[in-house]
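The values are calculated or read from the model by the stated rules, or taken from the named source; none is laboratory data. These numbers come from a predicted model, not from an experiment. No Cβ is skipped: glycine too gets one built from the backbone with ideal geometry, and neighbour counts run over all protein chains shown.
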Amino acid sequence: MATAAFKTPEFKPYPVIPLVAEGAMAHSKPYVASTAIQSALGFPGELAEGWEARAVAKMGELLGKYRSLRVYMDACVHCGACSDKCHYFLGTGDPRNMPVARQDLMRAVYRRHFTFAGRHFPKLVGAVDMSREVLDQWWSYYNQCSECRRCSVFCPYGIDTAEITMAAREIMDSVGLGQKYANEIIGKVHRIGNNLGIPGPALEDTLLGLEEDTLEETGVAVKFPLDVEGAEVLLVTPSADFFSEPHVESLIGYAKVFHAAGISWTLSSKASEAANFGLFIGNYEQMRKLSLRVKEAAQALGVRRIVLGECGHAWRVAYSYWNTLIGPFDWLDPRYPVPQHICEFTHDLITRGALRFDKERNDGRIVTFHDSCNVARGSRMGDRPGGQFSIPRDIVKAVVNHYHEMAPGTTEEATFCCGGGGGLLTDDLLELRVKGALPRMEALKQVVDQHGVNFMATICAICKAQFTKVLPYYGFDMSLVGGVHQLVSKAIRLGEPT
């Protein structure tokens, strides 16, 4: 999709509900997965005769498996509390991007086939049969949901649009209409071990190059070990951390933390990916298979702890699903019986005084923090509720002298999505991504104007990738975003040079 085909939304005082633009984003559709990709994941390669009945049957299966889905279908009273909470509606003005309207795309089919009124009086209750027209609407608008769950925070009934989106995508996959970006990435992990398809030898060369770069920068021989048996920690990080900016600066920061604390660690060529796109398509079998690679690698290497890098949905999958999908973890160190986020790991070291910093090295940066959706609304950190908010901020404040929060109502549990999550980080959805970023860009502009902020830290690889792409559309430099451990990397003391 050509970047010149749309106009960047204009900044306006937050919050402003946009004028409704019916069908403004009806044209927005991701590329369809190829027959080969679909088949490799166990899905039909294309729509075939009778797909409508199979879609309804799959919906019935999910309704029976997940009681919450049926509750969400029945509970909505159309109060509209969610409408102005969705960043895509705020950015596009398309009423189909109101969470309640997006839910109703499925609710109409549900009523037709799974309620008495819908079976006998469909027009009275807005019930419709599954058809190609309906499927096209699903394809467009369920691929305009980043599954950020902000709407669920404000819904008086707790309806979670993300769960509905996941169910819709699983139904579409089950009849042969899969999304190329998400499904191709899942296939790469099955074949190679990471989202970017980096083979083992290339990964090893990249890590050796990072060792050389870090030695040149610091004079200290910081190692980036790969497949080392008997290491204490297995680090599983987003594959973007291996080579692309600004991600790689975070990986360098992790390595410096391990080095400074004297803790042995390793990466794995088998499980060289923290991200789990099975979550985005709502398929728990894919989530399990992708997660199992990590467990198998950890046990083969004989590590005692698992630490995940800066990735929001990777942490949500690990925190919320791993114990069911691949647990128990009774073979890990009993002091650390569950996987940790790298921020938990670093924060614990800071609290114990095991790391030293020169905060002045970051004095060129005036920092704010972006709460990533899957951490803010789907996880926690440490032993106390709210740790997912305090822990990364504590780390940032330990390594910088100049820090400012974004405006109230745009942080922590109410944080706005970056606009690129949920499997939407693909250039065929660039228009949607740019418009969906509007509320976060408005909050960023406010803190930039008030405090001169020139660095937005985050702990999610998707947020970093999304922001580097869309920041220029709003007049910001793409280098304005980076990782929390990018700041750690700059400030940490490593001891005497070699």
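Can you go through A457, A461 and tell me which one is aliphatic (A, V, I, L, M), modelled with pLDDT under 95, closer than 21 Å to C343 by Cα and in contact with a strand residue (DSSP E or B) (Cβ under 9 Å, 6 or more places away or on another chain)?
Among A457, A461, only A461 is aliphatic (A, V, I, L, M), modelled with pLDDT under 95, closer than 21 Å to C343 by Cα and in contact with a strand residue (DSSP E or B) (Cβ under 9 Å, 6 or more places away or on another chain).
Would you check if E46 is within 16 Å of E170 (Cα to Cα), modelled with pLDDT under 95 and in the same structural domain as L90 (by TED's automatic domain parsing)?
Judged against the criteria, E46 is a match.
For I186, only one of the following conditions fails: (1) at pLDDT 90 or above; (2) in contact with a strand residue (DSSP E or B) (Cβ under 8 Å, 6 or more places away or on another chain). What is its number?
(2)
Give the residues of the stretch 292-324 that are of a type in the set (G, A, S) and within 24 Å of F258 (Cα to Cα), sorted by residue number.
A297, A298, A300, G302, G309, G312, A314, A318
In this structure, does D371 turn out to be surrounded by fewer than 19 Cβ atoms within 10 Å (Cβ to Cβ) and either part of a strand (DSSP E or B) or acidic (D, E) (or both)?
Judged against the criteria, D371 is not a match.
Condition check ((1) surrounded by 22 or more Cβ atoms within 10 Å (Cβ to Cβ); (2) under 19 Å from P337 (Cα atoms); (3) of a type in the set (D, E, K, R)) across all residues:
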position: N276; (1), (2), (3): yes, no, no
position: Y284; (1), (2), (3): no, no, no
position: R304; (1), (2), (3): no, yes, yes
position: G309; (1), (2), (3): yes, yes, no
position: G312; (1), (2), (3): yes, no, no
position: A318; (1), (2), (3): yes, yes, no
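Just wondering, is there one or more residues in the stretch 226-236 that are farther than 30 Å from P99 by Cα and free of Cβ contacts under 8 Å to residues at least 12 places away in the same chain?
Checking the stretch 226-236: not a single residue is farther than 30 Å from P99 by Cα and free of Cβ contacts under 8 Å to residues at least 12 places away in the same chain.
From the list A21, A48, which one is closer than 21 Å to D129 by Cβ, loosely packed, with under 14 Cβ neighbours inside 10 Å and in contact (Cβ under 8 Å) with a residue 60 or more places away in the chain?
A48
If E204 satisfies every condition in (1) out of contact with any strand residue (DSSP E or B) (no Cβ under 7 Å at 6 or more places or on another chain); (2) surrounded by fewer than 20 Cβ atoms within 10 Å (Cβ to Cβ) but one, which is the exception?
Only one criterion is unmet by E204, namely (1).
Looking at (1) modelled with pLDDT of 95 or more; (2) closer than 22 Å to V396 by Cβ; (3) out of contact with any Phe, Trp or Tyr (no Cβ under 8 Å at 6 or more places or on another chain), which is the only condition T266 fails?
Only one criterion in (1) modelled with pLDDT of 95 or more; (2) closer than 22 Å to V396 by Cβ; (3) out of contact with any Phe, Trp or Tyr (no Cβ under 8 Å at 6 or more places or on another chain) is unmet by T266, namely (2).
Answer with yes or no whether Y254 is among the aromatic types (F, W, Y) and within 30 Å of L63 (Cα to Cα).
Criteria not met by Y254.
Going through the stretch 347-368 one residue at a time, which ones are touching a Phe, Trp or Tyr at 6+ places or on another chain (Cβ under 6 Å) and assigned to a loop (DSSP other than H, G, I, E, B)?
If the condition is that a residue be touching a Phe, Trp or Tyr at 6+ places or on another chain (Cβ under 6 Å) and assigned to a loop (DSSP other than H, G, I, E, B), then R365 is the only one that fits.
In the stretch 141-160, which residues are outside any loop (DSSP other than H, G, I, E, B) and either hydrophobic (A, V, I, L, M, F, W, C) or crowded, with 21+ Cβ neighbours inside 10 Å (or both)?
Y141, R150, C151, V153, F154
Quick check on this structure: which one of E163, E204 is in a helix (DSSP H, G or I) and not assigned by TED's automatic domain parsing to the domain that holds A465?
When all the criteria are applied, what remains is E163.
Can you list the helices (runs of 4 or more DSSP H) lying wholly within the stretch 22-106 that have 2 or more residues being more than 22 Å from the chain's Cα centre (by Cα) and closer than 15 Å to G176 by Cα?
35-40, 51-65
Would a scan of the stretch 28-35 turn up a residue that is more than 30 Å from E10 (Cβ to Cβ), buried (at least 17 other Cβ atoms within 10 Å of the Cβ) and either at pLDDT 95 or above or of a type in the set (V, I, T) (or both)?
Yes: the stretch 28-35 contains one or more residues that are more than 30 Å from E10 (Cβ to Cβ), buried (at least 17 other Cβ atoms within 10 Å of the Cβ) and either at pLDDT 95 or above or of a type in the set (V, I, T) (or both).
Within the bounds of the stretch 423-446, is there any residue that is at pLDDT 95 or above, surrounded by fewer than 22 Cβ atoms within 10 Å (Cβ to Cβ) and touching a strand residue (DSSP E or B) at 6+ places or on another chain (Cβ under 8 Å)?
Checked against the condition, which is being at pLDDT 95 or above, surrounded by fewer than 22 Cβ atoms within 10 Å (Cβ to Cβ) and touching a strand residue (DSSP E or B) at 6+ places or on another chain (Cβ under 8 Å), the stretch 423-446 yields no hits at all.
I need the full set of residues from the stretch 384-437 which are assigned to a helix (DSSP H, G or I), assigned by TED's automatic domain parsing to the domain that holds T458 and touching a residue at least 12 places away in the same chain (Cβ under 8 Å), in order please.
Across the stretch 384-437, the qualifying residues are G387, Q388, F389, I391, P392, R393, D394, I395, V396, A398, V399.
Go through the stretch 442-470 and give me each residue that's under 18 Å from the mean Cα position of the chain (by Cα) and part of a helix (DSSP H, G or I).
Answer for the stretch 442-470, where residues must be under 18 Å from the mean Cα position of the chain (by Cα) and part of a helix (DSSP H, G or I): A461, I462, C463, K464, A465, Q466, F467, T468, K469, V470.
Here is a yes/no grid of residues against (1) acidic (D, E); (2) under 30 Å from K289 (Cβ atoms); (3) at pLDDT 95 or above; (4) in the same structural domain as L480 (by TED's automatic domain parsing):
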| position | (1), (2), (3), (4) |
| --- | --- |
| E229 | yes, yes, yes, yes |
| E232 | yes, yes, yes, yes |
| P238 | no, yes, no, yes |
| Y254 | no, yes, yes, yes |
| G262 | no, no, yes, yes |
| K270 | no, yes, no, yes |
